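Only one structure is covered here, and it is reproduced in the block below.
The values are calculated or read from the model by the stated rules, or taken from the named source; none is laboratory data. The structure displayed is predicted, hence computed values, not measured ones. Don't worry about glycine lacking a Cβ; one is built from the backbone with ideal geometry, like all the others, and counts go over all protein chains shown.
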Amino acid sequence: MGWLAESLNSSIGKKFIMAVTGLSLISFLLIHLIGNFTLYGGPEAFNGYVETLEIVKPVIRVIELVLALIFILHIFNGIKLWYENKKARPDTYAVDSKKENTTFSSRTMIISGSIVFIFLVLHLATFWVAFNFSGDTHEKAMVYYSVVLEWFQEGWYAGFYVIAVLLLGFHLNHGFQSAFQTFGWNHKKYFPFIKKLGTIYAILMAVGFASIPIYFFINGGN
Ligand code: HEM
């Protein structure tokens with residue numbers, strides 16, 4: 001097993017872990033956004049959706065555990081890669097040529113990733129905790145929608161969501177194409193298409209997730 005640990009710890013091994021975990025998170029986000037869109041159907045639609053998930057709670061728990069491991073691997077490896085790159089190429093080195101060869105999204109991965117991480121901690125400490133650890137089951141069934149509604153009435157909370165998911169958009173824009181590049185799918189003919197697809201996906205996620213706090217803040221859910 002020593003060889004496995006060694007190759008996963010190499011630079012390309014870490015990039016491979018980033019790509020696999022990143023693409024898994026990309027799939028999770030798509031499913032999460034589709035589920036969250038039931039909020040636009042009103043309390044019955046959203047509470048009904050969460051209640052349906054409650055029926056398969058053991059399965060959800062396993063998914064949550066796998067998701068937590070994926071997030072930890074992604075964050076841990078991302079920080080390690082960033083640190084190693086920084087050590088290899090200090091900031092003093094040709095800032096201008098760096099700008100020419102890279103995009104805004106790629107240069108700011110550590111910043112967008114860190115803010116999305118802070119967002120995730122706040123998000124889980126509010127929604128996930130409220131959904132999983134408050135009141136008895138019957139009482140909870142009535143309040144899922146109101147938990148979301150109440151939090152998004154808070155200007156700072158809704159505002160931070162919007163900023164965080166816009167940065168998430170930049171993170172996804174680079175992450176998507178970068179994962180395909182790591183897998184070697186960067187053929188001259190197809191790569192422009194992958195890049196475009198990544199940008200469309202990133203815009204859809206940023207606009208889709210941002211629309212929810214904006215809608216609830218402005219309309220109060222009515
Ligand atoms: C407007 C935006 C969002 C809303 C309204 C929202 C809503 C929710 C809700 C209600 C839960 C609790 C589900 C439950 O435990 O039954 C949840 C969980 C979670 N959310 Fe979000 N979410 C949003 C954006 C995001 C984003 C952008 C990310 C990732 C960067 C994210 C990651 C997660 C994770 C990892 C969980 C825990 C896993 C789970 O229980 O499904 N969410 N979200």
Can you find a residue that is under 20 Å from Trp128 (Cβ atoms), in a helix (DSSP H, G or I) and out of contact with any Lys or Arg (no Cβ under 9 Å at 6 or more places or on another chain) anywhere in region 167-177? yes
Please specify each residue of region 113-131 satisfying the condition of being more than 9 Å from the ligand (Cβ to nearest atom), in contact (Cβ under 8 Å) with a residue 12 or more places away in the chain and of a type in the set (A, V, I, L, M). Ile115, Ile118, Leu122
Answer with yes or no whether Ser10 is at pLDDT 95 or above and surrounded by fewer than 15 Cβ atoms within 10 Å (Cβ to Cβ). no
What number of residues within region 157-207 satisfy the criterion of being among the hydroxyl-bearing types (Ser, Thr, Tyr) and loosely packed, with under 15 Cβ neighbours inside 10 Å? 1
Name the pairs whose Cβ atoms lie under 6 Å apart, with the first residue in region 49-76 and within 27 Å of Ile17 (Cα to Cα), the second within 11 Å of the ligand (Cβ to nearest atom) and of a type in the set (A, V, I, L, M), and 6 or more positions between them or separate chains? Ile60/Leu53
Show the residue pairs meeting these rules: Cβ distance below 8 Å; 6+ apart or different chains; first residue within region 153-164 and in contact (Cβ under 8 Å) with a residue 60 or more places away in the chain; second residue within 12 Å of the ligand (Cβ to nearest atom) and of a type outside the set (Val, Ile, Thr). Gln153/Phe216; Gln153/Phe217; Gly155/Phe217
Tally the residues that are among the aliphatic types (A, V, I, L, M), near the ligand (Cβ under 8 Å from one of its atoms) and within 14 Å of Leu149 (Cβ to Cβ), restricting the search to region 34-68. 2
Here are some conditions: (1) more than 9 Å from the ligand (Cβ to nearest atom); (2) assigned to a helix (DSSP H, G or I); (3) within 23 Å of Ser112 (Cβ to Cβ). Leu149 meets all but one. Which one does it not meet? (3)
Only listed residue being among the aromatic types (Phe, Trp, Tyr), within 27 Å of Gly78 (Cβ to Cβ) and over 17 Å from the mean Cα position of the chain (by Cα), chosen from Phe191, Phe170, Phe216, Phe209: Phe191
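Residues are listed down the side, and each one gets a yes or a no for (1) modelled with pLDDT of 95 or more; (2) not aromatic (Phe, Trp, Tyr):
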position: Ala125; (1), (2): yes, yes
position: Ser134; (1), (2): no, yes
position: Ser178; (1), (2): yes, yes
position: Gly184; (1), (2): no, yes
position: Tyr190; (1), (2): no, no
position: Phe193; (1), (2): yes, no
position: Leu204; (1), (2): yes, yes
position: Gly208; (1), (2): yes, yes
